[in-house]
Amino acid sequence: MNKAQTNARKFINAYNTIDYAIRTQHNFKRSMSFSEVVRKAVSLNYIVRKYEDDLVDFGRLRNAIIHSGNNDYIIAEPHDDVVQKIQHIAELISTPPKAIDAINDKNVLCVQNDVKLRDVIQLIAVSEFSNIPVYKDGGLIGVANGQRILDELGKKIADNISIDKYISITNIEDILNVTNTLKYYDVVSKEVSIEQVLSLFNKNRKLIAVLITKNGSLNEAPIGIITTADILTLNQILENY
């Protein structure tokens with residue numbers, strides 16, 4: 001019986017942690033039921049979305065474990081694997097790992113706006129980085145992306161323009177669509193969690209990369225960059241967290 005009570009108490013504690021964390025993070029009303037909270041948070045929280053069905057089931061199980069809303073009156077026991085799973089989800093939601101800690105190389109390669117396109121292409125080839133932030137007067141004005149540069153060159157070829165001359169005289173700034181910078185890229189602070197980064201990619205399917213700076217400002221040098229190629233790795237980190 002002691003084990004049953006221990007498992008039940010662990011389950012209830014983890015459930016309460018999840019309930020409090022979601023309501024606090026997304027400013028949900030206390031009057032909302034747990035299932036309503038979960039359903040509403042699905043579009044806002046990557047972890048909740050991933051474990052939506054489990055969380056709804058946990059809500060039902062919570063009502064089966066306790067009697068008439070009295071947390072001190074335990075009438076059922078959850079299995080060990082159920083307790084372990086809800087504790088894992090509770091930790092992910094309440095204290096998610098930071099994205100900056102998941103980045104192995106924190107030395108982000110950047111260029112200034114007046115660097116020639118030829119040099120940027122060579123830099124992408126040598127460094128194997130397909131996204132290079134471009135700065136002007138200390139502020140981010142865009143990101144040089146290998147595929148978008150290739151598309152631009154394809155248009156010039158179609159217009160019978162000499163590519164060798166074009167890339168030699170054109171500044172990288174000249175091919176950046178500055179007005180659409182934040183359509184394809186986002187800038188966040190060093191406190192951003194892995195969950196929040198994954199949510200950004202989920203909300204904006206056109207997002208190519210997320211730049212991390214100290215305070216999330218466009219006028220700060222990046223201390224990390226996460227691209228769509230990193231999504232699988234971030235998911236694996238959450239699985240093993």
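List of remarks:
- For segment 57-80, the count of residues that are within 28 Å of ILE212 (Cα to Cα) and of a type outside the set (A, V, I, L, M) is zero.
- Criterion (surrounded by fewer than 19 Cβ atoms within 10 Å (Cβ to Cβ) and in contact with a Phe, Trp or Tyr (Cβ under 7 Å, 6 or more places away or on another chain)) met by exactly one of ASN215, ASN202, ASN235, ASN219: ASN202
- Residue in segment 150-163 that is touching a Phe, Trp or Tyr at 6+ places or on another chain (Cβ under 9 Å) and of a type in the set (A, V, I, L, M, F, W, C) present: yes
- Residues in segment 4-37 that are in contact with a Lys or Arg (Cβ under 8 Å, 6 or more places away or on another chain) and part of a helix (DSSP H, G or I) were compared, and the one that is farthest from ASN63 (Cα to Cα) is HIS26.
- Each residue in segment 113-165 was checked for being of a type in the set (Lys, Arg) and within 31 Å of the chain's Cα centre (by Cα), and 2 pass.
- Among residues of segment 158-185 being β-branched (Val, Ile, Thr) and more than 14 Å from LEU117 (Cβ to Cβ), the one that is modelled with the highest pLDDT is THR181.
- Filter result for SER193 (among the polar types (S, T, N, Q) and surrounded by fewer than 17 Cβ atoms within 10 Å (Cβ to Cβ)): no
- Checking ILE167, ILE175, ILE163, ILE132 one by one, the residue that is surrounded by 12 or more Cβ atoms within 10 Å (Cβ to Cβ), farther than 17 Å from THR228 by Cβ, among the β-branched types (Val, Ile, Thr) and free of Cβ contacts under 8 Å to residues at least 24 places away in the same chain is ILE163 and no other.
- Some residue of segment 122-136 being assigned to a helix (DSSP H, G or I) and hydroxyl-bearing (Ser, Thr, Tyr): yes
- In segment 101-122, the residues that are aliphatic (A, V, I, L, M) and in contact with a Phe, Trp or Tyr (Cβ under 8 Å, 6 or more places away or on another chain): LEU109, VAL111, LEU117
- Filter pass, LYS155 being without any contact (Cβ under 8 Å) to a residue 24 or more places away in the chain, in contact with a helix residue (DSSP H, G or I) (Cβ under 8 Å, 6 or more places away or on another chain) and of a type in the set (Lys, Arg): no
- Whenever a residue of segment 204-222 is touching a residue at least 12 places away in the same chain (Cβ under 8 Å), its partners that are assigned to a strand (DSSP E or B) and among the charged types (D, E, K, R), lying with C-beta atoms within less than 7 angstrom and at least six residues away or across chains, give the pairs LEU207/ASP186; VAL210/ASP186.
- Of ALA144, ALA90, all but one fail to be in contact with a helix residue (DSSP H, G or I) (Cβ under 8 Å, 6 or more places away or on another chain) and not assigned by TED's automatic domain parsing to the domain that holds VAL210; the exception is ALA90.
The values are calculated or read from the model by the stated rules, or taken from the named source; none is laboratory data. Note that the structure is a prediction, hence the values are computed from the model and not measured. Cβ sites come from the backbone with ideal geometry, for glycine too, and all protein chains shown count toward neighbours.
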